[in-house]
Amino acid sequence: MQDKLILGIESSCDETAAAVVKGGRTVLSNVISSQIDIHTLYGGVVPEIASRKHTERINQVIRHALSDAHVTLSDIDAIAVTYGPGLVGALLVGVAEAKAISFATGIDLVGVHHIEGHISANYIEHADLEPPFLSLVVSGGHTHLVNVTGFGEYEILGRTRDDAAGEAFDKVARAIGLGYPGGPKIDKVAKEGDPDAIAFPRAHVNASAYDFSFSGLKSAVLNYLNSCEMKGEQIVVADVAASFQKAVVDVLVENSMLACREHGAKKFALAGGVASNSALRKAMQEACDREGIGFYMPSPIFCTDNAAMIAVAGYYEYEKGVRSGLDLNAVPNLPLGTR
């Protein structure tokens, strides 16, 4: 199994991606066609436009990935494709493409959960990482604390009750005039600000210590901005960005370390698009060092949506004997652990 080649396909949001991975750990190619420039014009992802662009680009992206890996479809053992969660129209493009290739070639098909892909991105650069471990998945649509009990086996310990962390970043970035995508722009501007300048709240969910809530923090930022405007006070964008970012990071780190302590975790992995945030990466590394916990995180290129992580997750599902039929369909609200 260790030499099996998996073709990964990802189209859950606004990146059209394909990759070839060998043995679940070695990335032979990783091609990403981003639509950020297009969606920036609208201040966020427009689902219809995303679907159309996926349709235009997916064949050339797959050809590019195969070429970069110096392989052909005849060398591929299985096709792993994201089938949820995500934007339904965008997901359908990738799923239809994967099924068409599988039907035409007879190559095995494996449907992959998008969040499982993000967690599996950690296997690419950390050869020593194996379950069990705890993982925090933070992205535009998800904030999950997950107990990874085995390859492809997950127990959700906590999740957001409202906005995901990445969603809060986008909304606050828009409010302070930074635009889309919010996460990278706040991360950059925050480096010039004082994270202790404004005392924004850290929300905790009663009777659910591992859950998250960011809507109150978002509202607090909006109220602060409105108050400054009404009073004619100057708004220091860098200070707002830094203080907001610190409030998010503090809660993410605190809940994660609590879960690690209470579950006796010796390994902790960061995952998802927000995992590329420099303040979060630094704070989580320091917290794990204090707790004596092994810390893992992907390089930023493997944090944001990509097909290499989907191929890796697909490899371990394939190794367990999982196969999807040609009736595989897009499931926009697919729960983690569904099979």
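Around Ala279, with a cut-off of 9 angstrom between Cβ atoms, what is the net charge of the other residues, counting Lys and Arg +1 and Asp and Glu -1?
Charge balance in the 9 Å sphere: +3.
Using the 10 angstrom Cβ neighbour count as an exposure proxy, how do Thr55, Thr304 rank, fewest first?
Ranked by crowding around the Cβ, least crowded first: Thr55, Thr304.
If I build a Gaussian network model for the chain, linking alpha-carbon pairs within less than 10 angstrom, which residue out of Pro132, Pro181, Pro298 has the largest mean-square fluctuation?
Pro132
To make sure I understand, if each residue's beta carbon is the centre and we count other beta carbons within 10 Å, what order do Thr72, Thr143, Thr160 fall in, fewest to most?
Neighbour counts put them in this order, fewest first: Thr72, Thr160, Thr143.
Over 20 Å between Cα atoms, which of Lys185/Lys246; Lys22/Lys282; Lys185/Lys267; Lys246/Lys282 qualify?
Going by Cα-Cα distance, Lys22/Lys282; Lys185/Lys267 fall outside the 20 Å limit.
Across segment 186-200, in residue order, what do the Karplus-derived ³J(HN,Hα) couplings come to in whole Hz, using 6.51 cos²θ - 1.76 cosθ + 1.60 with θ = phi - 60° and x for Gly and Pro?
5, 4, 5, 5, 4, 4, 9, x, 9, x, 10, 5, 10, 8, 7
Applying the Karplus parametrisation 6.51 cos²θ - 1.76 cosθ + 1.60 with θ = phi - 60° to the phi angles of segment 257-263, what ³J(HN,Hα) value in whole Hz is obtained for each residue in order, glycine and proline being reported as x?
Result, ordered by residue: 5, 4, 5, 4, 5, 6, 10 Hz.
Compute from the Cα atoms of segment 132-298 the Rg and the Dmax, the latter being the longest Cα-Cα distance, and quote both in angstrom.
Both quantities, over Cα of segment 132-298: 15.9, 56 Å.
Which distance in Å, rounded to a whole number, links the C-alpha centroids of segment 120-145 and segment 215-229?
A separation of 32 Å, based on Cα centres.
Apply the Karplus parameterisation 6.51 cos²θ - 1.76 cosθ + 1.60, with θ equal to phi minus 60°, to every residue of segment 125-132 and state each ³J(HN,Hα) to the nearest whole Hz, in sequence, with x for glycine and proline.
For segment 125-132, the Karplus curve yields 9, 10, 5, 8, 7, 9, x, x Hz.
Within a Cβ distance under 14 Å of Ala50, other residues only, what is the Lys/Arg minus Asp/Glu net charge?
Result for the neighbourhood of Ala50: -4.
Report the extension gain between Asp3 and Arg161 in nm, rounded to one decimal, defined as 0.36 nm multiplied by the number of residues separating them, less their alpha carbon distance.
My answer for the length gained is 52.7 nm.
Please give every one of the aspartates and glutamates within straight-line cross-link reach of Lys231, meaning a C-alpha to C-alpha distance under 17 Å, and leave out same-chain neighbours fewer than 8 residues apart.
Within the straight-line cut-off, Lys231 pairs with nothing.
Net charge near Ala90: determine it from the other residues with C-beta under 15 Å of the C-beta of Ala90, scoring Lys and Arg +1 and Asp and Glu -1.
Around Ala90, the surrounding residues sum to -4.
In whole angstrom, note down how far apart the Cα centers of segment 2-47 and segment 248-265 are.
A separation of 30 Å, based on Cα centres.
Quick note: the coordinates plus some simple rules give every number you see, no bench work behind them. Note that the structure is predicted; figures quoted are calculated from it, not measured. Cβ sites come from the backbone with ideal geometry, for glycine too, and all protein chains shown count toward neighbours.
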